[in-house]
Structure formats: C-alpha cells, structure tokens
Amino acid sequence: MDMQTWRDARAQATDATESIRAALAALGVPESAWSSVRPVVTHSGQAYVHLGMIRADAVEQIAEALRVPSAS
C-alpha cells in the first residue's frame with residue numbers, strides 16, 4: 001500500500017473514531033469506559049475503528065440508544 005492510501009484510510013478511521021467517541025460522550029458514557037476506542041488501518045488499506053473492551057453497563061446504554069422504536 002502506498003503512503004497516500006494509508007493516510008486517506010487513517011483519516012477516515014480517525015474521523016469515525018472521533019464520531020463514536022463524541023456519540024458516547026453525548027450519551028453520558030464516561031471516557032474511562034471507552035478509552036480503548038482507536039482508529040486502525042489494515043495492511044490492505046481498509047479503515048476500521050477498534051472498539052476494544054467496553055464495560056457492560058456502557059454497552060447497555062449504547063444498545064438502548066441504538067434501538068429504533070417500533071411503529072405500533
């Protein structure tokens with residue numbers, strides 16, 4: 001992979017990481033619960049966000065925020 005591909009993927013992964021960090025902070029999840037969230041670029045140039053281990057109570061908050069209310 002060339003350096004520009006890596007830089008582009010890193011920028012995408014970093015932006016996504018900052019987005020999820022901001023969302024978690026807005027939910028009131030303490031930083032200590034998601035401090036392992038970090039950007040990752042694979043050897044093939046794919047951008048990922050590694051979430052790492054997140055406390056169970058924080059995952060419950062995240063799951064609740066992601067649930068879409070049923071249209072009953």
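How much length would be gained if the chain were fully extended between residue 6 and residue 59, taking 0.36 nm per residue of separation minus their Cα-Cα distance, in nm to one decimal?
Gain on stretching residue 6 to residue 59: 16.0 nm.
Got a sec to turn the phi values of the stretch 9-15 into Karplus ³J(HN,Hα) couplings, 6.51 cos²θ - 1.76 cosθ + 1.60 with θ = phi - 60°, whole Hz, x for Gly and Pro?
Values per residue, Gly and Pro as x: 5, 5, 5, 5, 5, 5, 4 Hz.
Working from Cα positions, state the angle (0 to 90°, nearest 10) between the long axis of helix 56-66 and the longest principal axis of the chain.
Helix 56-66 sits at roughly 90 degrees to that axis.
Under the Karplus relation 6.51 cos²θ - 1.76 cosθ + 1.60, θ = phi - 60°, what is the ordered set of whole-Hz ³J(HN,Hα) values for the stretch 40-54, x standing for Gly and Pro?
So the Karplus estimates, Gly and Pro as x, are 9, 10, 6, 4, 8, x, 7, 8, 9, 10, 8, 8, x, 8, 10 Hz.
Whenever you get a sec, compute what percent of the accessible area on the chain sits on carbon and sulfur atoms (1.4 Å probe).
Looking at the chain in its full context, I get 56 percent from C and S.
The values are calculated or read from the model by the stated rules, or taken from the named source; none is laboratory data. Predicted model only: the values in this text are computed from it and were never measured. Ligands, DNA and RNA are excluded from the accessible area calculation, which covers all protein heavy atoms including side chains. Shrake-Rupley method; radii C 1.70, N 1.55, O 1.52, S 1.80 Å.
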